[in-house]
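Colleague: Before anything else, here's the structure in question.
The values are calculated or read from the model by the stated rules, or taken from the named source; none is laboratory data. None of the values given here were measured: they were computed from a predicted structure. Cβ sites come from the backbone with ideal geometry, for glycine too, and all protein chains shown count toward neighbours. Each accessible area value is taken on the protein alone, full model and side chains, heavy atoms only, with ligands, DNA and RNA left out. Shrake-Rupley method; radii C 1.70, N 1.55, O 1.52, S 1.80 Å.
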Amino acid sequence: MSPANGLLKVASRVALAVCLAASSAEAVSIYSNGHSDIALLHELGTNHFDFIFRFDTDSVFEDGNTTFAGNNIPVTEAAIRVPEPTVLRSAPFDTSEWDFLGVPAVPPGDTSGDGELWFISQGNDPARPFMGIATETLNPSAQWNGDLTYTLEAVLEGPEGGEVAVWQQDSNGDPIPYFSTVEGADVTNELVDQISGHDHYNWTFSEPGVYRLLIGASAVHVQDGLVQSSDVLTFVVGGDTALTPDNSPGDFNGDGVVDAADFTVWRDNLGATEDGLVLGGNGDGGQVDNSDYLLWRGLFGTQYPAAGSASTSPTPEPSTAALSGIGLLGLSRRGRRRH
């Protein structure tokens, strides 16, 4: 189904095997603050990774979940809340090197709504998730040839006009962009990390809504050769955004689970025009086509909470801060820790 907003930017690598090995569907908990890492597991003798959240004991979940904190959890079983307050892209971040953020530069204190970004910071902000990317779970590093590469494979779902960027700042305050969905951005959409590394990044979003990002990982193992996989990260952006069956991509028959029955719906309606009922769990408009299959494939095994079961953050309506004013920027690039 070709989306009207152009957000479904399916890359060629999306054909990698993603989530089809999922054997059960779990309800999704929304992670709202505390420390975690996106990490990988690899079983000797295989050529794929398992994507996990490595939640620290201080991790907090909106539904009161107490079983995830301190444990490794598949990434499809949790979503990430990106709350208010937002930040503005204003001077000195108004030069072209910052255009990968996907919002226009605005004067300080602007209240038009332009230039606004929802974010997770590379610095530790106790009001939001402190989420890193780690490869320490792949020790010992002597078993791997070279570094590991993460890629942004596709945006499977996102609000109209929404853009995503993942980046850091160097010690001079200059941006180091890794991922950006902005058309024409000078970004490779690759993040190369050393095995046994651990680092934190800024994640920014230009519109509130639910985003589902297909993230790939690849590295060369000394025994197993090329190891590669993809999996889906779900971000719930904005304090009033809920994750409900009305926002359940891949659930084409609306029963709350992405499973084989949804493939049947896709197959039987291939080539049809979205009419609000056919593939109603997709919600991107257009024609039923291969993009819908990729969406289903990437989310296979996902179970969505029942309507009303996903809480929203009781966040007041604070004024939007300047981009440099709340710890998002002005941070030196953190060295990757080795253990």
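Colleague: Go through segment 212-259 residue by residue and tally those that are in contact with a strand residue (DSSP E or B) (Cβ under 9 Å, 6 or more places away or on another chain) and among the aromatic types (Phe, Trp, Tyr).
Modeller: Residues that pass the stated criteria total 1.
Colleague: Mind checking which residues of segment 138-176 are in contact with a strand residue (DSSP E or B) (Cβ under 9 Å, 6 or more places away or on another chain), hydrophobic (A, V, I, L, M, F, W, C) and farther than 22 Å from LEU117 by Cα?
Modeller: Of everything in segment 138-176, those that are in contact with a strand residue (DSSP E or B) (Cβ under 9 Å, 6 or more places away or on another chain), hydrophobic (A, V, I, L, M, F, W, C) and farther than 22 Å from LEU117 by Cα turn out to be LEU138, TRP144, LEU148.
Colleague: Let me ask you something else. Could you go through segment 86-100 and let me know if any residue there is under 30 Å from ALA219 (Cβ atoms) and crowded, with 17+ Cβ neighbours inside 10 Å.
Modeller: Taking every residue of segment 86-100 in turn, at least one turns out to be under 30 Å from ALA219 (Cβ atoms) and crowded, with 17+ Cβ neighbours inside 10 Å.
Colleague: Then there is this: Before we move on, is GLY123 more than 25 Å from SER36 (Cβ to Cβ), part of a loop (DSSP other than H, G, I, E, B) and not hydroxyl-bearing (Ser, Thr, Tyr)?
Modeller: no
Colleague: Within the group LEU148, LEU156, which residue is touching a Gly at 6+ places or on another chain (Cβ under 7 Å), crowded, with 22+ Cβ neighbours inside 10 Å, of a type outside the set (Asp, Glu) and outside any loop (DSSP other than H, G, I, E, B)?
Modeller: Exactly one residue qualifies, and that residue is LEU156.
Colleague: Could I ask something else about it? Residues to consider are THR111, THR76; find the one that is over 30 Å from VAL222 (Cα atoms) and of a type in the set (S, T, N, Q).
Modeller: Testing whether each residue is over 30 Å from VAL222 (Cα atoms) and of a type in the set (S, T, N, Q) leaves just THR111.
Colleague: Additional query: Restricting attention to segment 61-71, report how many residues are in contact with a strand residue (DSSP E or B) (Cβ under 9 Å, 6 or more places away or on another chain) and open to solvent by 60 Å² or more (accessible area, probe 1.4 Å).
Modeller: 3
Colleague: Tell me the strands (runs of 3 or more DSSP E) entirely within segment 27-91 that contain at least 3 residues that are in contact (Cβ under 8 Å) with a residue 24 or more places away in the chain.
Modeller: Output list reads 29-41, 50-55, 78-82.
Colleague: Follow-up. Which members of segment 132-145 meet the condition of being in a loop (DSSP other than H, G, I, E, B) and open to solvent by 20 Å² or more (accessible area, probe 1.4 Å)?
Modeller: Listed by number, the residues that qualify are ASN139, PRO140.
Colleague: Additional query: Would you pick out the residues in segment 258-281 that are of a type in the set (A, V, I, L, M) and modelled with pLDDT under 85?
Modeller: Once the filter is applied, which keeps residues that are of a type in the set (A, V, I, L, M) and modelled with pLDDT under 85, segment 258-281 yields ALA272, LEU277, VAL278, LEU279.
Colleague: Another one. Yes or no: segment 109-116 includes at least one residue that is in contact (Cβ under 8 Å) with a residue 12 or more places away in the chain and either under 23 Å from GLY158 (Cβ atoms) or surrounded by 20 or more Cβ atoms within 10 Å (Cβ to Cβ) (or both).
Modeller: Yes, that holds for at least one residue.
Colleague: Another one. How many of the residues making up segment 134-175 are touching a helix residue (DSSP H, G or I) at 6+ places or on another chain (Cβ under 8 Å), within 21 Å of TRP98 (Cβ to Cβ) and not aromatic (Phe, Trp, Tyr)?
Modeller: Final tally of qualifying residues: 4.
Colleague: Oh, and also: Within segment 185-205, take every residue that is open to solvent by 10 Å² or more (accessible area, probe 1.4 Å) and farther than 19 Å from LEU40 by Cβ and give me the one that is farthest from the chain's Cα centre (by Cα).
Modeller: Among those residues, the one meeting the criterion is ASP186.
Colleague: Are any of the residues in segment 177-184 within 15 Å of TRP98 (Cβ to Cβ), surrounded by fewer than 22 Cβ atoms within 10 Å (Cβ to Cβ) and at pLDDT below 95?
Modeller: Yes, segment 177-184 contains a residue that is within 15 Å of TRP98 (Cβ to Cβ), surrounded by fewer than 22 Cβ atoms within 10 Å (Cβ to Cβ) and at pLDDT below 95.
Colleague: So, of the residues in segment 177-205 that are outside any strand (DSSP E or B) and in contact with an Asp or Glu (Cβ under 6 Å, 6 or more places away or on another chain), which turns out to be nearest to PHE130 (Cα to Cα)?
Modeller: Filtering first and then ranking leaves SER196.
Colleague: Write out, first by first residue and then by second, each pair whose Cβ atoms fall under 8 Å of each other, whose residues are 6+ apart or on separate chains, and whose first residue, in segment 127-143, is farther than 21 Å from TYR178 by Cα while the second is basic (Lys, Arg) and open to solvent by less than 50 Å² (accessible area, probe 1.4 Å).
Modeller: ARG128/ARG81
Colleague: While we're on this one: From the list VAL265, VAL258, VAL227, VAL237, which one is surrounded by 18 or more Cβ atoms within 10 Å (Cβ to Cβ) and within 16 Å of the chain's Cα centre (by Cα)?
Modeller: VAL237
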